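The values are calculated or read from the model by the stated rules, or taken from the named source; none is laboratory data. Quick caveat: nothing in here was measured; it's all calculated off a predicted structure. Counting neighbours? That spans all protein chains shown, and the Cβs are built from the backbone with ideal geometry, glycine included.
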């Protein structure tokens, strides 16, 4: 037991661990606060679809020897808007539009990686997350994103609440639902791109879904769901990142397993209560 506490104390002395905890916490806040709107609108799998898009963009960036971050953000944002437009114009339900874009993106990413350098170590770290690749620029970008998301939710809270529960009624009330949906999709895109550093493209959608569904098991109001989801998400990331260092485990998988454990506890608590 002493060795474990020594390792935990040691973890905080390293710069890469400090950056991982800061970025992970900020992404946890962003994903949890966006997650409630996506889950209740039955659009939560957009996170999974955009994660697949980010896989293709990372493959493109590595092939061009460019920064994955600056290649991924604009392309993933455009993909999120494209999914919304498919949902509106092509009369495809959200899951069908997401499926089309995500499957195409995975195929594109595999083709690009196969004709360039293949599945190298860099691409593997983006697939499943690696706390070693987090840079100081990621910290500043994550801080800026968290500030934008928290401010957006505070400013547009009533509008977001309305379109989440009844988009048709919100439209009748004069709310610009197209703008609000595009805003949520754009912020989700940037959150996913930054989050793949910690969790990876294959697991990032879990940070959007798990905290919200966990909070829904025990919360009694919309606001309490946001607060509980945020607390669960932050705690899961911190335990997962530290645990991944102490036990030499993948950070992304550790965070997801902690989230799954919290959901199981909340589900059992609800059943007992």
Screening 98, 36 for residues that are modelled with pLDDT of 85 or more and either touching a strand residue (DSSP E or B) at 6+ places or on another chain (Cβ under 6 Å) or in a helix (DSSP H, G or I) (or both) leaves only 36
Of all helices (runs of 4 or more DSSP H) fully inside the range 125-197, the set with 1 or more residues that are surrounded by 21 or more Cβ atoms within 10 Å (Cβ to Cβ) and modelled with pLDDT of 85 or more is 136-155, 157-165, 177-195
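Going by the conditions given, is residue 44 at pLDDT 85 or above and surrounded by 14 or more Cβ atoms within 10 Å (Cβ to Cβ)?
Spelling it out, it is not the case that residue 44 is at pLDDT 85 or above and surrounded by 14 or more Cβ atoms within 10 Å (Cβ to Cβ).
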Apart from one, (1) touching a helix residue (DSSP H, G or I) at 6+ places or on another chain (Cβ under 8 Å); (2) at pLDDT 85 or above all hold for residue 268; the odd one out is (1)
Flagged pairs (Cβ under 8 angstrom, 6 or more apart or on separate chains; first in the range 1-22, in a helix (DSSP H, G or I); second surrounded by 11 or more Cβ atoms within 10 Å (Cβ to Cβ) and at pLDDT below 75) are 16/131; 16/132; 17/11; 17/131; 19/131; 20/131
Of those in the range 82-95 that are under 14 Å from residue 182 (Cα atoms) and exposed (fewer than 15 other Cβ atoms within 10 Å of the Cβ), the residue modelled with the lowest pLDDT is 88
Residue 62: passes all of (1) part of a helix (DSSP H, G or I); (2) loosely packed, with under 14 Cβ neighbours inside 10 Å but (2)
